[in-house]
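Below is one structure, written out as C-alpha cells, with a few remarks after it.
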C-alpha cells in the first residue's frame with residue numbers, strides 16, 4: 001500500500017497524541033440536525049462518497065523504524081457508519097446532542113489503527129410528530145481541521161442532494177491535502193536552498 005509524508009501540522013499533532021491522547025482539542029466534532037424524513041440509503045451513500053472525495057479521511061499513521069519517518073497510508077476498509085435509534089422526549093433532544101458530541105470525541109493513543117473517525121447517525125423517537133435525526137461527524141484533528149469540516153459538511157449536503165436526483169455532485173474545485181503536503185515540501189526545500197545561497 002502506498003505511503004505518504006505528513007505535513008508539518010500533522011507531525012506536530014502526531015507527537016501531541018503521544019504526549020496526551022485525551023486532549024479534547026485533538027477531536028473535530030460536528031452535529032448536523034435533520035428535521036423531517038430523509039432517505040437513509042441515499043444519505044449513507046453521500047457519506048461514503050465523502051471518503052472517496054477526501055482520501056485523507058481514511059488515513060492511519062505509523063512510525064517507520066527503518067527510515068525514522070512518520071508516514072500515513074489510506075485504508076481500503078469500508079466506511080463505518082453507526083446508525084441507531086434513541087427514545088427521547090422532544091424537549092430533551094438538544095441536551096442529548098450536546099452530551100453525545102462530547103462522548104463521541106475521538107481520543108486515540110494509536111493512530112495506526114483504522115479508523116481515525118466516527119460517523120454516527122441517530123434517529124429520535126419522541127412524543128413530537130416531527131421526526132428529528134442527527135449526524136455526528138467526528139474526525140481526529142490529524143485528518144481534519146476547523147476549516148475543512150465546513151467544506152466536508154457542504155460536500156455531504158451536495159452528495160445527498162445529487163444522490164436523491166441521481167446526479168453527479170457539483171463540488172467546489174478544491175485541491176487535495178496531499179497536494180498541500182507536496183507544495184509544503186517544495187517550499188521548505190526552496191527555503192533551505194535560498195538560505196544556503198545567502199551564506
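Every number in this text was worked out from the coordinates using simple rules, so none of it is lab data. All values reported here derive from a predicted model rather than from experimental measurement. Please note: Cβ atoms are built from the backbone with ideal geometry, for glycine as well, and neighbour counts cover all protein chains shown.
Quick look at the values:
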read-out	value
Identity of the residue in the range 142-163, in contact with a strand residue (DSSP E or B) (Cβ under 6 Å, 6 or more places away or on another chain) and buried (at least 20 other Cβ atoms within 10 Å of the Cβ), that ends up farthest from residue 33 (Cα to Cα)	143
Enumeration of residues in the range 44-77 that are free of Cβ contacts under 8 Å to residues at least 12 places away in the same chain and within 22 Å of residue 149 (Cβ to Cβ)	52
Residue match in the range 22-43 (condition: over 18 Å from the mean Cα position of the chain (by Cα), in a strand (DSSP E or B) and in contact (Cβ under 8 Å) with a residue 60 or more places away in the chain)	yes
Residues (more than 19 Å from residue 20 (Cβ to Cβ), touching a residue at least 60 places away in the same chain (Cβ under 8 Å) and crowded, with 19+ Cβ neighbours inside 10 Å) located in the range 98-130	117, 119, 121
Test: residue in the range 53-62 that is on the phi < 0 side of the Ramachandran plot, assigned to a strand (DSSP E or B) and surrounded by fewer than 11 Cβ atoms within 10 Å (Cβ to Cβ)	no
Total residues in the range 1-41, condition within 18 Å of residue 57 (Cα to Cα), in contact with a strand residue (DSSP E or B) (Cβ under 9 Å, 6 or more places away or on another chain) and loosely packed, with under 11 Cβ neighbours inside 10 Å	2
The range 168-188, residues that are farther than 22 Å from residue 70 by Cβ, surrounded by fewer than 15 Cβ atoms within 10 Å (Cβ to Cβ) and in contact with a helix residue (DSSP H, G or I) (Cβ under 8 Å, 6 or more places away or on another chain)	168, 170, 171, 172, 174
